[in-house]
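The values are calculated or read from the model by the stated rules, or taken from the named source; none is laboratory data. For clarity, every value in this text was computed on a predicted model and none was experimentally measured. For neighbour counting, all protein chains shown are included, and Cβ atoms are generated from backbone atoms with ideal geometry for every residue, glycine included.
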Amino acid sequence: MEMKSDHLDSLHWRGMATIKAVRGTRDLLPPDTNLWNHVEATARSVFARYGFGEIRTPIFEATELFARGVGEETDIVSKEMYTWEDRGRAESDRGQSLTLRPENTAGVVRSYIEHGMAETGMLEKLFYIGPQFRRERPQRGRYRQFWQIGAEVLGPPWSGSDSALRDAEVLEMLATLLNELGVKGWRLALNSVGSAEDRQRYSAALRDALAPVKDKMCPDNQRRAETNPLRVLDSKDPNDQEIIDGLPKIADFLSEDSRTHFEQVKAALDACGVAYAIEPRLVRGLDYYTRTTFEFTVPDGSGLGTQNALLGGGRYDGLSEMLGGPKTPGIGFAIGEDRLILTLRAQAAEQAAKKLDAFIAPMGVAQNPGALKLAQELRHAGLSVEVGDGSFRLRKSFDAADKLARKMIIFGEDEVTSGILTVKDFSKGEQEKIAREELAAALKN
Ligand code: AMP
């Protein structure tokens, strides 16, 4: 015993290296965790309103689930999974290859099949919140353990699970969730990758188109051009973009059915007023997608750097059969919760740092009522405005205005009688005269 404490002391004194969280993982601490809890509570509340129930699947699964479900040729399965041979504990207990889940859809569908959920004949609406694991190169917004908030709508075909209405409902729900969380400037990119047969025809056309040019592409794309040409479309390699932009488009390979389905999704989104942009190259990184695919991104400056995809998802009509289950069309998405939190923080900071549109400086106490009236007009026009006080010295008005607002409006007797106001722009250090009727429009710039 004595020896042990001596030993510990000596370790301490020798300045032994401390143990740190593993690269690509991190601790979430208070008060940060308050925002995580707020995001999750909001998601739970929105999901409940749309009839979703929670599912919690294991964090590790048989490796084969992802190999079959996500696809051997995807980056996730070919290079990013945490896989190990789990030893059997007894003679009777066979060892098995296990993998930390890199995503949750395959696990949900596995669970759906295992519990015979298809037998109810009903549409299942399931959501999950939890960590996922991928051995990616860590950077801002990209971690090796990250959290996803996701949901799946699936069921036998007669439950209406392949209806375009479901695609639109899921997208409309996501728009609602992002708006309730206060995410600003999000953009929905939408595409259809068609049925498995459409994709096969398209893959063949891509392979043909790539054959004569692939030698000019990066090694990854040369390999993909052979093994999985659809993946070439995901490539960010700057040198290959010109070739990729010239490749055939999936839209020209959609069957009549796939085309009609996509038109129906768009019509339902239009009816709900959810804006979207069609993105022909959006095929997404997982093999199981069919028909509708989508991604929500946020504008530059939202704290995500190059990782600007907040969430992604799509339809996976053949996944259940790939996993040995009954025909079970479905659609789902996964939100990167880490990225959602980064976005909310960055946008809140930007908001806090934002200055008011104008500060009105009355030049005497007699101008106070008129100044307040002008503030009312401008505020009604949607501008953010603060009013000083006529008893302030000019210097004090300038200092207050410079701190609070982008521009200062000088409001003296002359200005009132002439209807021409003097406006100082702090960023340009310039002063200009603007007619009162044009003031609101001028301040908006
Ligand atoms: P995926 O499962 O690849 O479709 O990704 C869905 C969403 O999860 C992405 O849009 C990201 O927001 C998030 N995500 C994926 N990989 C990571 C990662 N390594 N770190 C953080 N978030 C991620």
Any hit, region 413-425, residues being within 17 Å of Gln376 (Cβ to Cβ) and assigned to a helix (DSSP H, G or I): yes
Subset of region 93-119 (residues that are within 13 Å of Ala151 (Cα to Cα), assigned to a loop (DSSP other than H, G, I, E, B) and in contact with a Gly (Cβ under 6 Å, 6 or more places away or on another chain)): Asn104
Residues that are at pLDDT below 90, within 12 Å of the ligand (Cβ to nearest atom) and either in contact with a Leu (Cβ under 7 Å, 6 or more places away or on another chain) or of a type in the set (Phe, Trp, Tyr) (or both), drawn from region 279-307: Val283, Tyr288, Tyr289, Leu304
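Looking at Ala366, Ala435, Ala371, Ala358, can you tell me which residue is within 30 Å of Gly301 (Cα to Cα) and either in contact (Cβ under 8 Å) with a residue 12 or more places away in the chain or in the same structural domain as Gly301 (by TED's automatic domain parsing) (or both)? Please lay out each step first, then the result.
On the way: Ala366 fails: within 30 Å of Gly301 (Cα to Cα); Ala435 fails: within 30 Å of Gly301 (Cα to Cα); Ala371 fails: within 30 Å of Gly301 (Cα to Cα).
Answer to the selection: Ala358.
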Test: residue in region 111-129 that is in contact with a Leu (Cβ under 9 Å, 6 or more places away or on another chain), of a type in the set (Phe, Trp, Tyr) and modelled with pLDDT of 95 or more: yes
Test: residue in region 140-158 that is touching a residue at least 60 places away in the same chain (Cβ under 8 Å), out of contact with any Leu (no Cβ under 8 Å at 6 or more places or on another chain), part of a helix (DSSP H, G or I) and more than 21 Å from Leu286 (Cβ to Cβ): yes
Of all residues making up region 159-183, the number that are assigned to a loop (DSSP other than H, G, I, E, B) and within 16 Å of the ligand (Cβ to nearest atom): 1
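Could you please let me know if Ala271 is part of a helix (DSSP H, G or I), under 24 Å from Gly185 (Cβ atoms) and in the same structural domain as Arg68 (by TED's automatic domain parsing)? Full working, then the answer.
Numbers: part of a helix (DSSP H, G or I): yes; under 24 Å from Gly185 (Cβ atoms): yes; in the same structural domain as Arg68 (by TED's automatic domain parsing): yes.
Yes; evaluated as a whole, the condition is true for this residue.
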Sole exception among (1) modelled with pLDDT of 95 or more; (2) of a type outside the set (A, V, I, L, M); (3) surrounded by fewer than 20 Cβ atoms within 10 Å (Cβ to Cβ) for Asp215, by number: (1)
Single residue of Gly388, Gly419, Gly412 found to be over 17 Å from Asp357 (Cβ atoms), touching a residue at least 24 places away in the same chain (Cβ under 8 Å) and over 40 Å from the mean Cα position of the chain (by Cα): Gly412
Single condition Val265 does not satisfy, out of (1) in the same structural domain as Gln307 (by TED's automatic domain parsing); (2) out of contact with any Asp or Glu (no Cβ under 8 Å at 6 or more places or on another chain): (2)
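Would you mention how many residues in region 275-304 are within 27 Å of Glu114 (Cβ to Cβ) and not in a loop (DSSP other than H, G, I, E, B)?
Of region 275-304, the ones within 27 Å of Glu114 (Cβ to Cβ) are 284-293.
So of that shortlist, the ones also not in a loop (DSSP other than H, G, I, E, B) come out as 290-293.
Going through region 275-304 one residue at a time, the tally reaches 4.
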Matching option when the condition is within 30 Å of Ser203 (Cβ to Cβ) and either in contact (Cβ under 8 Å) with a residue 12 or more places away in the chain or basic (Lys, Arg) (or both), among Leu282, Leu340: Leu282
Tally, over region 129-146, of residues that are under 30 Å from Leu165 (Cβ atoms) and more than 8 Å from the ligand (Cβ to nearest atom): 2
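Is it fair to say Leu123 is surrounded by fewer than 20 Cβ atoms within 10 Å (Cβ to Cβ) and more than 16 Å from the ligand (Cβ to nearest atom)?
Numbers: surrounded by fewer than 20 Cβ atoms within 10 Å (Cβ to Cβ): yes; more than 16 Å from the ligand (Cβ to nearest atom): yes.
Here the answer is yes, as Leu123 does meet what is asked.
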Number of positions in region 1-58 that are modelled with pLDDT of 95 or more, aliphatic (A, V, I, L, M) and in a helix (DSSP H, G or I): 6
